[in-house]
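What follows is one structure encoded as structure tokens, with my remarks underneath.
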Amino acid sequence: MSGVTPEGALPPTPSQTVGPYFSFGLEWDDGPFAVPEGTPGAIRLEGRLFDGLGHPVKDALIETWQADPDGRFAHPDDPRGAVEWDSFRGFARVPVDDDGHWSILTLKPGPVPGPRGSIQAPHVAVSVLARGVLTRLATRIYFGDEEEANAADPVLSSLRGGEAERRTLIAVAVEGGYRLDIHLQGPDETVFFAI
Amino acid sequence: MATHGNNEVDDKGEGGTREHRHAVERRAEPGAVSPLWAGPGEGLIVPGYRRDHEKVDPPGDFPAYRGTISRHPKRPLVPIPDMLTEVTGPLLGEDRVGESDHDLTVDAAGGEAQGQKMLLHGRVLDGDGRPIRNTLVEIWQANAAGRYWHAWDNHPAPLDPHFEGVGRCMTDDQGRYRFITIRPGSYPWGNHFNAWRPAHIHFSLFGRAFTQRLVTQMYFPGDPMFDHDPIFNSVREAADRARLIANFDWEATTPEWALGYRFDIVLRGRESTPFEEQDS
Ligand SMILES: [Fe+2]
């Protein structure tokens with residue numbers, strides 16, 4: 001059964017913190033670019049990362065994974081078949097700077113089919129890895145100008161904390177892209193998911 | 001991570017697994033399970049991944065490791081089922097890996113690193129023992145003196161100009177990886193009085209799905225710092241901690257050259273049938 005390692009199966013290797021000294025190992029020159037600079041339609045997705053004291057976190061790694069503008073994934077487990085968009089990686093990885101700021105260049109994803117015939121609003125899956133974070137934290141970023149799609153999104157509408165919780169997941173449109181701060185703790189604590 | 005902090009057993013599930021339902025109940029309104037869990041209906045069905053990592057992963061809140069105090073979410077994680085975004089993930093390829101990236105002991109100019117050479121190898125498997133082929137393995141570590149190639153590391157141990165401490169490779173068709181490196185030293189950190197980390201190598205793995213992403217640390221057998229290290233001990237069960245410790249490997253030990261160590265990594269296995277436990 002789910003949650004229990006079945007008889008004869010292998011339990012997973014436990015997680016440990018990424019620690020403070022990862023950047024020389026995990027920082028890639030092209031990490032922040034899910035698409036190359038100059039790609040038509042590219043958007044900047046950015047924000048800052050804060051701890052429970054309201055201080056910027058400066059030793060964290062943000063990773064993103066998302067569908068392409070058609071809502072499809074370049075992956076064989078997408079049952080509709082993998083598609084490749086020209087030079088679109090779907091994945092980005094960027095360490096935060098000393099102000100906790102991070103920024104990636106990507107394409108806006110399309111809507112993605114969800115359970116029971118639902119349609120998920122365009123969203124980006126996010127991992128937060130940091131010193132003091134023992135297990136990767138998973139959250140999502142939605143887009144503020146997709147009001148109708150967001151209202152129908154099965155994940156957003158399943159949140160019991162209502163608007164206050166939804167707000168922590170919805171990026172606002174800014175010049176050239178979208179912006180959302182992530183709060184690990186505190187009054188504006190971001191919704192993190194058990195996946 | 002409230003769902004991680006609890007091992008209560010309640011196996012009589014109806015609708016949702018025990019972890020999922022448990023977490024939902026802790027959140028609010030007992031019994032009111034999110035419609036996300038109600039069953040497959042006619043939507044797009046994707047086989048998900050087992051949630052057995054929740055029992056082995058450390059809790060978010062582990063105050064002995066001071067860094068967690070203001071960095072763990074205080075509200076329970078919100079369980080969502082594996083959907084398309086979660087069961088897919090970046091399949092990063094060979095283009096990320098240079099020809100000698102698996103050998104950390106020789107720098108670009110041919111200079112040799114200080115320290116005890118080791119041949120570190122193992123397999124990346126899923127929870128059903130199947131090899132995860134052609135997946136990127138990234139490692140980074142301190143040098144033999146316990147110093148990182150990082151501007152913030154001010155431990156007054158010598159830097160080794162020939163050891164950067166970063167390695168990458170792809171697993172082969174049996175899920176095998178192999179690095180040549182040196183054994184890292186222990187290093188002090190400011191967590192508590194006289195705090196030293198057990199010697200360790202950091203690992204980063206992607207597997208094939210966003211759900212399988214794993215960042216962890218590998219330790220060495222018999223390290224005297226084990227009892228004093230809150231990061232290692234944040235994994236609650238001894239049997240689970242044991243799976244973070246490499247095995248000395250006599251077979252891989254090479255005369256006049258390097259000690260062998262073996263470290264196998266298991267990423268979450270797949271649900272055998274999607275939604276099989278749900279009764280709708
Ligand atoms: Fe470390």
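The values are calculated or read from the model by the stated rules, or taken from the named source; none is laboratory data. A quick note: this is a predicted structure, and the numbers were derived from the prediction, not measured. FYI the Cβ positions are ideal-geometry reconstructions off the backbone, even for glycines, and counts take in every protein chain you see.
Residues are listed down the side, and each one gets a yes or a no for (1) more than 30 Å from B:S272 (Cβ to Cβ); (2) within 20 Å of the chain's Cα centre (by Cα); (3) not β-branched (V, I, T):
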{"site": "B:Q114", "(1), (2), (3)": "yes, no, yes"}
{"site": "B:M118", "(1), (2), (3)": "yes, no, yes"}
{"site": "B:V124", "(1), (2), (3)": "no, yes, no"}
{"site": "B:G127", "(1), (2), (3)": "no, yes, yes"}
{"site": "B:N134", "(1), (2), (3)": "no, yes, yes"}
{"site": "B:D153", "(1), (2), (3)": "yes, no, yes"}
{"site": "B:E164", "(1), (2), (3)": "yes, no, yes"}
{"site": "B:G185", "(1), (2), (3)": "yes, no, yes"}
{"site": "B:A199", "(1), (2), (3)": "yes, yes, yes"}
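Restricting attention to region A:101-138, which residues are surrounded by fewer than 22 Cβ atoms within 10 Å (Cβ to Cβ) and polar (S, T, N, Q)?
If the condition is that a residue be surrounded by fewer than 22 Cβ atoms within 10 Å (Cβ to Cβ) and polar (S, T, N, Q), then A:S103, A:S118, A:S127 are the ones that fit.
I need a count of the residues in region B:183-205 that are within 9 Å of another protein chain (Cβ to nearest Cβ) and either among the polar types (S, T, N, Q) or away from the ligand (no atom under 12 Å from the Cβ) (or both).
Qualifying residue count for the region: 2.
Just name the residue that is nearest to B:S234 (Cα to Cα) out of those in region B:52-97 that are facing another protein chain (nearest Cβ under 7 Å) and acidic (D, E).
B:D57
Out of everything in region B:120-146 that is within 16 Å of the ligand (Cβ to nearest atom) and at the interface with another protein chain (Cβ under 10 Å from one of its Cβ atoms), what residue ends up being surrounded by the most Cβ atoms within 10 Å (Cβ to Cβ)?
B:Q141
Scan region B:206-222 for residues that are more than 18 Å from B:L91 (Cβ to Cβ) and either away from the ligand (no atom under 13 Å from the Cβ) or in contact (Cβ under 8 Å) with a residue 40 or more places away in the chain (or both) and report the count.
Number satisfying all stated conditions: 5.
With a cut-off of at least 1 residues that are more than 26 Å from A:G186 (Cα to Cα) and within 12 Å of chain B (Cβ to nearest Cβ), name the strands (runs of 3 or more DSSP E) lying wholly within region A:1-119.
A:60-66, A:91-95
Going by the structure shown, is B:T254 buried (at least 23 other Cβ atoms within 10 Å of the Cβ), more than 22 Å from A:P12 (Cα to Cα) and hydroxyl-bearing (S, T, Y)?
no
Can you name the residue in region A:139-179 that is away from chain B (no Cβ under 14 Å), assigned to a loop (DSSP other than H, G, I, E, B) and out of contact with any strand residue (DSSP E or B) (no Cβ under 6 Å at 6 or more places or on another chain) and, of all such residues, is surrounded by the most Cβ atoms within 10 Å (Cβ to Cβ)?
In this case the residue turns out to be A:E146.
Go through A:T168, A:T106 for me and flag whichever is touching a residue at least 60 places away in the same chain (Cβ under 8 Å), among the polar types (S, T, N, Q) and over 30 Å from B:P230 (Cα atoms).
Every option except A:T106 fails the conditions.
Residue check: is B:P161 of a type outside the set (F, W, Y) and either away from the ligand (no atom under 14 Å from the Cβ) or not assigned by TED's automatic domain parsing to the domain that holds B:A252 (or both)?
For B:P161, the condition - of a type outside the set (F, W, Y) and either away from the ligand (no atom under 14 Å from the Cβ) or not assigned by TED's automatic domain parsing to the domain that holds B:A252 (or both) - is met.
Quick test of your reading of the structure: A:F24 fulfils all but one of (1) without any contact (Cβ under 8 Å) to a residue 60 or more places away in the chain; (2) away from the ligand (no atom under 16 Å from the Cβ). Name the failing condition by number.
With (1) without any contact (Cβ under 8 Å) to a residue 60 or more places away in the chain; (2) away from the ligand (no atom under 16 Å from the Cβ) applied to A:F24, the lone miss is (2).
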